[in-house]
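A short write-up of the structure that comes next.
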Amino acid sequence: MARTKLAVLISGRGSNLQSLIDAATRPDYPAEISLVISNRPKAKGLERAAAANIPQYVIDHKDFQTREDFDAALGDCLRLAKVDYVCLAGFMRMLTTDFVNDWRGRLINIHPSLLPAFKGLAVHERMIDAGVKLAGCTVHFVSPEMDSGPIIGQAAVPVLPGDTADSLAARILEQEHRLYPACVALIAGKKARLSGGVVSFDPDVSFDGALSNPPAGS
Ligand code: GAR
């Protein structure tokens, strides 16, 4: 069966891109990455795409007068590549409502918090300052509002005594690298779908038990 075609949009390091690249090397993975687009010419992730022989494009937001113009260029590039889904992987630009509506149901994002809590930037600092005991990451379909939209999957990790923003970010990132390829596989493999504003799963998709911090019963 033909594999689902993905575009991955990045702005920087590209470690989530790498997790998708690695997953897509498996012959049974239901999706392949057709192209990588960065809005920053120096994004490290472009090197990862090059190393994997994936076509890379830079669409530098600084070359455009307006967000609308930038998004139009992005849309043209994606349409030419005929991709099925667009995965945002550390793509740090707000997309216009028109763009998001054009790609509604085909635009997926990963965010390093258990949404709808802690949208936006500096999430790890804010979680530590708020004293939350569970943190995590979310993969979701994108709605026009920042870091919003129907949730495909979430992974939770404990916040440990003495954690810094960096140590917490590293613990969450490890889960991001597992969760993003898993969620994309469910969507691309048609085992999960968006209907009526929520994501539902085939009955044979299995789920793990609860994570409690401190452990329940202690
Ligand atoms: C990741 O932690 C991702 O969840 C976050 O940016 C980082 C990118 O890292 N995305 C957001 O905060 C989106 N609101 P990466 O470039 O190594 O994948």
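Read-outs throughout are calculated quantities, based only on the coordinates presented, and are distinct from any laboratory measurement. For clarity, every value in this text was computed on a predicted model and none was experimentally measured. Here the Cβ is made from the backbone with ideal geometry for all residues, glycine too, and neighbour counts use every protein chain on show.
Exactly one condition in (1) crowded, with 20+ Cβ neighbours inside 10 Å; (2) within 29 Å of Met127 (Cα to Cα); (3) away from the ligand (no atom under 14 Å from the Cβ); (4) under 16 Å from the mean Cα position of the chain (by Cα) is not met by Val159; state its number.
Against the list (1) crowded, with 20+ Cβ neighbours inside 10 Å; (2) within 29 Å of Met127 (Cα to Cα); (3) away from the ligand (no atom under 14 Å from the Cβ); (4) under 16 Å from the mean Cα position of the chain (by Cα), Val159 comes up short only on (4).
Identify, please: which residue in region 44-59 is out of contact with any Gly (no Cβ under 7 Å at 6 or more places or on another chain) and not aliphatic (A, V, I, L, M) and is, among those, farthest from Ala7 (Cα to Cα)?
To start, the set of residues in region 44-59 that are out of contact with any Gly (no Cβ under 7 Å at 6 or more places or on another chain) comprises 46-47, 49-59.
So of that shortlist, the ones also not aliphatic (A, V, I, L, M) come out as 47, 53, 55-57.
Working: Glu47: 16, Asn53: 14, Pro55: 10, Gln56: 10, Tyr57: 11 Å.
Once the filter is applied, the top-ranked residue is Glu47.
If you go through region 128-148 one residue at a time, how many are crowded, with 17+ Cβ neighbours inside 10 Å, within 12 Å of the ligand (Cβ to nearest atom) and not polar (S, T, N, Q)?
Total satisfying the criteria: 7.
Restricting to region 1-20, and then to whatever is more than 11 Å from the ligand (Cβ to nearest atom) and under 13 Å from the mean Cα position of the chain (by Cα), can you tell me which residue is nearest to Lys191 (Cα to Cα)? Don't jump to the end; show me each part of the working.
Let us first name the residues in region 1-20 that are more than 11 Å from the ligand (Cβ to nearest atom), namely 1-7.
Now drop any that are not under 13 Å from the mean Cα position of the chain (by Cα), which leaves 6-7.
Details: Leu6: 17, Ala7: 20 Å.
That would be Leu6.
Can you pull out every residue in region 17-33 that is touching a Gly at 6+ places or on another chain (Cβ under 6 Å) and not in a loop (DSSP other than H, G, I, E, B)? Before you say what the answer is, go through the steps one by one.
Step one: filter region 17-33 for residues touching a Gly at 6+ places or on another chain (Cβ under 6 Å), giving 17, 30.
Across region 17-33, the qualifying residue is only Leu17.
Exactly one of these conditions fails for Leu114: (1) in contact with a Gly (Cβ under 6 Å, 6 or more places away or on another chain); (2) near the ligand (Cβ under 10 Å from one of its atoms). Give me its number.
Among (1) in contact with a Gly (Cβ under 6 Å, 6 or more places away or on another chain); (2) near the ligand (Cβ under 10 Å from one of its atoms), the lone unmet condition for Leu114 is (2).
Can you name the residue in region 48-58 that is under 15 Å from Asp22 (Cβ atoms) and either among the charged types (D, E, K, R) or assigned to a loop (DSSP other than H, G, I, E, B) (or both) and is also nearest to the ligand (Cβ to nearest atom) among such residues? Steps first, answer last, please.
Residues of region 48-58 under 15 Å from Asp22 (Cβ atoms): 48-49, 51-54.
If we keep only those that are either among the charged types (D, E, K, R) or assigned to a loop (DSSP other than H, G, I, E, B) (or both) as well, we get 48, 52-54.
Working: Arg48: 9, Ala52: 15, Asn53: 20, Ile54: 15 Å.
Restricting to residues being under 15 Å from Asp22 (Cβ atoms) and either among the charged types (D, E, K, R) or assigned to a loop (DSSP other than H, G, I, E, B) (or both), the top hit is Arg48.
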